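Notes to accompany the following structure.
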């Protein structure tokens, strides 16, 4: 099967925005009437904006001193209340904000400071960081993930460090397995496109391709921006829709599929760290009563979407979910899967379930 | 007196031909260098043949051909093989060249000297670098236009450079390596052969550079004498300028020669760890780290913080920086050891005097990837550092610090300053690699302690320096007794005095040990 990828991409870069962002309502991939002209152009991350603002070094210093004081005043209050960042971490973030926003150079023998946002906006941004607990990644508009710098914005889940390992798992599996390396992969619920881009780079130039799906039009547009930034338009295809819905045409043909679906039990949502609970999209976090709604949905569909020998990897909430999923796949889908394993993240938490379709 | 010199000025190229001595003058000046040993007959026959191309083009075109052939001869002498000589039996090159007059080789003038004078080129009138050194001409400021002063300064640098290169040892080692290289079965072990040939090449390069430098000095001296005899003011000022230029570069070469170790040109990691004593010690460790950051900045090195573990109240418990740039390791290795601070602690409400310690370790980052020790993935334990809670989607954090433990050696590295976990891991892995490499090198050094420069204690060494802020103010290096009465400048990274004095002293010590 040969997919024609490039023509489709452009349509997905200007995807329709349904006014009701409910998963079910977006499931069908039936041709819809022309979308209302709401621009979904992703926001440009700070570090990619042109350095058109200027400031004197004393004004910049004044802002920095103010920002430091604000960060220091936090102490460990956030950490104690909801496991949020402490001052040390906030001060490091401040340095990174300066890295992203300030360009210092020498012009005509004079130290020259150029900013990618105005100084007023810098005050506003840092206020948002501390007072509103807006995630740092939304402040600067990007997340450093693996060797990538991915554009992120509100409405898109910020890729987590743990999730980097999924790409390593795929890397290990395709090593020396041409059938898998040159095959078709899918990343379901791609968000910023992180895993899809990571996998595309691991597959290399062998002809392997990745379909990345997401329900959220914002996610699709942000992922499209990131895919393009890494020049992977010919390798990664974006499809809008819920889980397996946009993949009907490739059933039984995937060499592998991965997902980091929402897995937090609904009860836990209200107690989440402020950065997560108040700012990140609930649709990407809430996995239903026991957090397993979407994971189970993925497990059920795995056997029919994968080709024989195909590989899957899911991120989970931890040991309990991992165990449950492995048991489920062993018992319910008897005989369909082999080499099921549970893999811990670097913190030692049982984080991933992987396996192969027989 | 000018008759004894033959010169030709290449009119267009502003180059100078070589001075050639009139046979008549030979007796007059030959005495100066009376050969202590009888002529080596084999050589007397060999030399003219080898010189032949040089002599045919001798009716001077440019000095280029000549110095080219000169170089050939020196190479041959240096390798010691083509002549069937041991390398310590060379020829005074300029002199032997001068034995040709107008393109006719006068064999009788090709002279050979025993080991004593063997490697020393000389001027037309028999002045050698050693002689310049021994004449104790007074060295005046650079702007004093006196050739003797310049020459003496350069000769002194050459002397220092040779000392720092451990010249005699180097020549012996070069001989050994040449013998080794000539063994027919050498390449049966390509790794060993590669090592031998690399070392040979590197030592040979150093030796040639010094020789060429000496040669240049003598040529300029010849020129100046000549110019004076012929009242050629232009030539004299040109040569004087050249001498001055040499005098300046010789200072740089002196420093370079201090850094002759195999790993000296590498970048490095500098790690500072605070001693026992809580906040006061942590603060001291932070001051020491700051000192190195500023030192690196002064040198134009690129500095990145790899790992920093802050103290509870102030300062750091531990920190690692990466210093990128030429000879970073060569200099920084002089800082390995324990640094002691005496001051009235700002953290003591009773204003008592405290003594604190901070330990410094320096690890070279090998540029040659093939020299790296292979590390097995299975020997590593990788941990998320400072993790807590459920992680995953529950947590939004920009903290992705990673700790890696190399289980067989117990070496640990942490990195938290990169913005992604993947890169923190890569960065920590690079530290692990450098430390494992260093450990392996130390093992090798112990195994064959023949030539390798005495690596000072590579782990946390003993106390090396004392910084006293109260009751008096002084920084003193306990190894060299080098001291400075302005601790602030030192703590602001002005360390080169300490570093250079230590490096010279440790070479002198090596010299004495022999």
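The numbers here are math on the coordinates, done by the rules we state, and not lab data. Here the structure is a predicted model, which means the values were calculated and not measured. Backbone-built Cβ (ideal geometry, glycine too); neighbour counts: all protein chains shown.
For the range A:136-284, the direction-averaged projected area of the alpha-carbon convex hull comes to 8.7 nm². Listed by Cβ neighbour count within 10 Å, with the fewest neighbours leading, A:143, A:154 appear as A:154, A:143. Could you let me know the centre-to-centre spacing of the range A:46-63 and the range A:70-106, using Cα atoms, in angstrom? After rounding, the separation between the Cα centres reads 18 Å. Sort out for me the Cα centre separation of the range A:274-353 from the range B:318-390, rounded to whole Å. The range A:274-353 and the range B:318-390 have Cα centres separated by 41 Å.
By other beta-carbon atoms within 10 Å, ranking A:157, B:177, B:469 with the fewest at the front produces B:469, B:177, A:157.
Please work out, to two decimal places, the log10 of the ratio I(q)/I(0) at q = 0.07, 0.12 Å⁻¹ from a Debye calculation in which every Cα of chain A carries one identical scatterer. Scattering profile of chain A, log10 relative to I(0): -0.33, -0.92. Semi-axes of the equivalent ellipsoid of the range B:267-513 are 30, 26, 15 Å, computed as sqrt(5λ) over the eigenvalues of the C-alpha gyration tensor in descending order.
Cα-based values for the range B:182-307, radius of gyration first and Dmax second, are 24.3, 76 Å. A straight chain from residue B:262 to residue B:370 at 0.36 nm per residue would run longer than the Cα-Cα distance by 37.4 nm.
Take every Cα pair under 8 Å whose residues are at least 6 apart in sequence, average their separation, divide by the length of the range B:157-284, and the relative contact order is 29 percent. Angle of helix A:194-203 to the longest C-alpha principal axis of chain A, folded into 0 to 90 degrees and rounded to 10: 60°.
With chain A treated as a Gaussian network of Cα nodes joined by springs under 10 Å, which of A:100, A:82, A:187 yields the largest mean-square fluctuation? Residue with maximal mean-square fluctuation among A:100, A:82, A:187: A:82. Which residue, A:345, A:290, A:249, tops the fluctuation ranking in a GNM of chain A built on C-alpha contacts under 10 Å? Highest fluctuation among the options: A:249. Largest mean-square fluctuation among A:185, A:63, A:126, in a Gaussian network model of chain A whose springs join Cα atoms under 10 Å apart, belongs to A:63. Binning the C-alpha pair distances of the range B:239-331 at 5 Å intervals from 0 yields a P(r) profile of 3, 14, 18, 15, 14, 11, 9, 6, 4, 3, 2, 1, 0 %, listed from the shortest bin outward.
Calculated mean residue ellipticity, 222 nm, chain A: -11500 deg cm²/dmol, from DSSP H runs (n ≥ 4) at -39500 (n - 2.57) each, averaged per residue and rounded to 500. Tilt of helix A:164-174 relative to the longest C-alpha principal axis of chain A, in degrees (0 to 90, nearest 10)? For A:164-174 against chain A, the angle is about 40 degrees.
Here the contact order of the range B:267-513, divided by its residue count and restricted to Cα pairs under 8 Å and six or more residues apart, works out to 22 percent.
Binning the alpha carbon pair distances of the range A:46-140 at 10 angstrom intervals from zero yields the distribution 16, 49, 26, 9, 1, 0, expressed in whole percent.
The alpha carbons of the range B:264-389 occupy a box of 56, 43, 21 Å along the principal axes, longest dimension given first.
So how tilted is helix A:319-331 from the main axis of chain A? Cα-based, degrees 0 to 90, rounded to 10. Taking Cα atoms only, the helix is inclined about 20 degrees. How high is the relative contact order of the range A:146-357, in percent, counting Cα pairs under 8 Å that sit 6 or more residues apart? Averaging sequence separation for qualifying contacts and normalising by length gives 19 percent for the range A:146-357. Once you treat every alpha carbon in the range A:220-358 as an equal point and sum by Debye, what is log10 I(q)/I(0) at q = 0.14, 0.16 Å⁻¹? Calculated log10 I(q)/I(0) at the listed q: -0.75, -0.96.
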